[in-house]
Amino acid sequence: MRKNLVIGLIITAVITTLSVVMADDGSKMEEFRMSLMMGSLVTGAVTGGTWLLQRKRSAP
């Protein structure tokens, strides 16, 4: 689970950095907030889903 969380956080950081660099119309802070929020949601969903699957597999 920690590995998935770390991978998700790295992907979030990359997406956030790219979207802020590409936003050249002065809305860098808005782009930063949106991409950080979306990345966090995706990371949480993937980590939570993986955790649930592992829990179901280990249940008797």
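Summary of computed values
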read-out	value
Cβ-Cβ FRET estimate between Arg2 and Arg33, R0 fixed at 25 Å, reported to 0.05	0.45
Radius ratio Rg over Rh of the chain, counting only Cα atoms, Kirkwood formula for Rh	1.19
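Bear in mind that the values in this text are calculations on the coordinates, not laboratory data. Given the structure is predicted, the values throughout are model-derived calculations rather than measurements. Methodologically, a virtual Cβ is constructed for each residue, glycine included, from the backbone with ideal geometry; neighbour enumeration extends over all protein chains shown.
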